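Notes follow the structure.
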Amino acid sequence: MSARYAAATDVSSDRSRAEIERTLTRYGADQFAYMASRERAVIAFVIEGRQVRFVLTLPDRHDREFTHHSRGARTASAAEAAYEQAVRQRWRALALVVKAKLEAVEAGIVTFEQEFLAHMVLPGGRSVFDVVAPAVEQAYATGDTSGLLQLTAGAP
């Protein structure tokens, strides 16, 4: 048994996505969007006037963890079952994260901005994380925080 959250879940990805949408609605989201490809799924929503986006990276169905086990190659149906289990697990984890973040905000543990800042979508479509991460990485690599300070130029 894996220590990974919901490793053995039988809750479908569709049910988890629907649960996320219900949770968002319960906590005040007034818009919700979902899209998926082979590589990732995206949920986006508007809450407290902020656009938020979570990108769920999906596993590669051809990865050895699905196509093989300790005794050799899996059958095609066994490989598909292992892959689908991994996808279900990731959707359950995302449902947990979204619910926990919203409850932490509701309980006053953190503000909405503190909890969701990295996932907020800025004008132009990039997330705050996408904009800030290179400067943070550079600051750690060099010890120079001037790149971070430039990000705040013009901020009140």
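What follows draws every value from the coordinates through simple rules; no lab data is involved. All of these numbers come straight from a predicted model, not from anything done at the bench. Here the Cβ is made from the backbone with ideal geometry for all residues, glycine too, and neighbour counts use every protein chain on show.
Counting pairs of alpha carbon atoms under 8 Å apart in space and at least six apart in sequence, what relative contact order in percent does the range 2-156 give?
It rounds to 21 percent for the range 2-156.
What list of ³J(HN,Hα) values in whole Hz, one per residue of the range 129-135 in order, does the Karplus curve 6.51 cos²θ - 1.76 cosθ + 1.60 (θ = phi - 60°) give from phi, with Gly and Pro shown as x?
With coefficients 6.51, -1.76 and 1.60, one gets 4, 4, 6, 8, 3, x, 5 Hz.
Mind checking the angle between helix 13-26 and the chain's longest principal axis? C-alpha axes, 0 to 90 degrees, to the nearest 10.
So the helix axis and the longest Cα principal axis differ by about 30 degrees.
Could you tell me how many degrees, from 0 to 90 and to the nearest 10, lie between the Cα long axis of helix 76-106 and the main elongation axis, the longest principal axis, of the Cα atoms of the chain?
Rounded to the nearest ten degrees, it is 30.
Quick one: if the Förster radius is 25 Å, what FRET efficiency do GLN114 and ASP10 give, using the C-beta to C-beta distance and rounding to 0.05?
Working: r = 34 Å, r/R0 = 1.37.
With a Förster radius of 25 Å, E is 0.15.
Using amide H atoms built in the peptide plane, which far-off residues or other-chain residues are under 5 Å from LEU56 H to H?
Residues meeting the amide H criterion: ALA41, VAL42, ILE43.
Per residue, what volume in Å³ does the convex hull of the Cα atoms of the chain enclose?
Roughly 170 Å³ of hull volume per residue.
Rounded to the nearest 500, what is the 222 nm mean residue ellipticity of the chain from helices alone, with -39500 (n - 2.57) per DSSP H run of 4+ residues and division by all residues?
-15000 deg cm²/dmol
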